[in-house]
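Trainee: Supplied in structure tokens, the structure appears directly below.
The values are calculated or read from the model by the stated rules, or taken from the named source; none is laboratory data. Quick caveat, the model's predicted, so the values are computed rather than measured. When we count neighbours, we look across all protein chains shown, and the Cβ atoms used for this are built from the backbone with ideal geometry, even at glycine. In case anyone asks, the SASA skips ligands and DNA or RNA and just uses the protein heavy atoms, side chains included. Shrake-Rupley method; radii C 1.70, N 1.55, O 1.52, S 1.80 Å.
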Amino acid sequence: MSGELDDSFARLVQRFGDRLADETVLDTLLECGGDEGRARAQLAAMASALRPTAGSHGSTTARKRVSGMLDGFVKRRRGAEASSPPGRPGPTPEPAAEAAPASCADPGPLAPGQRNALAEIMAAAPSQSAAGSPDRPRLMLLKPATVAAHVPCEFIAGVLPDDLAAALLRDMLAEALSWKPLPVVMFDKLLGSPHNTHTYVDRSRVGKQQFRYGVTSPDASDWLPSIRAAEAIVTAVVNERYGRRRRDPLEIRGRWRPDMIVANSYFGPSEHFGAHNDKLTYIGARPVIASLTLGASRTFRIRRLALPPDLPAPTEAASDAVSGSEAPQAPLASASTVPAEAAAAISAPPDGDAQARTFDILLPHNSLLIMFPPMQERYKHELPPVGSSLTRPTGTLVPHPISGETRINLTFRMTRPEVVAAIPKCSCGAPCEMRVVIKQRETLGRYFWQCRGDKAGGKSDGQPAERDTSGGRPAGDLRCGFFQWASFGQ
């Protein structure tokens, strides 16, 4: 893509990104031969005339032609209108007999009118089919019990004392003014993510260790006093819950002690974070991540990934898993890992359903979502934008008295020194990043190192790069081609 086309695409996304999917914008621009004026007129007409009504709208694949997207949209809508009663159906709720308690549904210190508005918004949210399965709509999880029953997470409302939560929110709002977008390489051009981020570390524990994300090494800040106060509570809560769970040999042993925080800020409804897995480079295989929400309530979306066909039946846990602090500190999976064992270790969701599905959780102020293994290996998560969209359902936003429409998210992580010490360097001379195979049946669940694509945008689809055995670069991928299975202590 030329630089001029890049600029046109960036301007159109900035204008229509809160209403139309990026793929729709790009395809329209290409349909118009790169003419930004024509594309802008067509996108404006689409945004105003084509709104999601009844029915569910499946996700689109990148670079799919816009005419095909619209045809699919119309067919799905007509099918839903023929099979559904009048009105706008919402996502499938959890069973009525398990109505959410006030502590879970309450988005924090909001006015009663806002709580009523929240309930109305949740009831009117558009439905979403998961991974092309029309009979499997999004499931909205409203209470801690149903969160734990469907995904490897635990939800705790009101985790911090109210005064500490308010003080931490104010500190982070002031800090967030200097945070920057996450660098993203797209079409060989460095762009910024649609939200701002910053890294905080406990320097008393990690020392001068630098942490690299994408194409930059951000300057990490030491923890503020309010962060340390919150961390003590979060750590106690996580370890109390983690001690009840069975652990895979790849997980940490003993207590979970976070020493790094990746903070994210979302200033308003259009700022979001697309579907992703959290980086494993410094935190290792099967990590625990505790996500603290401050400020505005937003929808957190979890997508359980479809598994390759003909896999062994999912199991509750690996056969040699043990509970709590008795879990041994085992090396990460190596090239000798048996594929069936690796698959079983990541393919057993809490509800016993191995098929793809999407779940929504409304995260209010001062709530903690603990993401246990195999959340990063078996699922993707996102914070969707709020607003109408042509091709995808959007999220919910409930303002907070202190931050308004701004949401602050602190993700507490524990780095693993043995993982950091083993990070190889690729042919670019830069540290590699660790990923896990999530698509290929033969190597499902195995971890590997690869070039992070500092010189250009690499793939991020959870599978090893297609290596060119002739010595050249992989087709369509400008990474240096470095690849190595992760193997520690073997």
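Trainee: From largest accessible area down, sort 425, 279; use a 1.4 Å probe on the protein chains.
Mentor: Largest to smallest exposure gives the sequence 425, 279.
Trainee: If amide H atoms are built 1.01 Å from N in the plane of the peptide, which residues on other chains or at least 5 residues away come under 5 Å of the amide H of residue 433?
Mentor: For residue 433, the qualifying residues are 450, 452.
Trainee: Going 7 Å from the Cα of residue 224 in the Cα-to-Cβ direction, what parts of the stretch 135-166 have a backbone nitrogen less than 18 Å from that spot?
Mentor: Within reach of a label on residue 224, which here means backbone N under 18 Å from a point 7 Å along Cα→Cβ, the stretch 135-166 contributes 160-166.
Trainee: Out of residues 5 or more away from residue 192 or on other chains, whose amide H comes under 5 Å of its own, with H placed 1.01 Å from N in the peptide plane?
Mentor: 184
Trainee: Placing +1 on the Cβ of each Lys and Arg and -1 on the Cβ of each Asp and Glu in the stretch 401-440, which of 412, 401, 440 has its Cα farthest towards the positive end of the resulting dipole?
Mentor: Going by the charge dipole, the pick is 440.
Trainee: Could you sort 27, 162, 35 by their accessible area in this structure, using a 1.4 Å probe and putting the largest first?
Mentor: These residues rank, largest area first, as 162, 35, 27.
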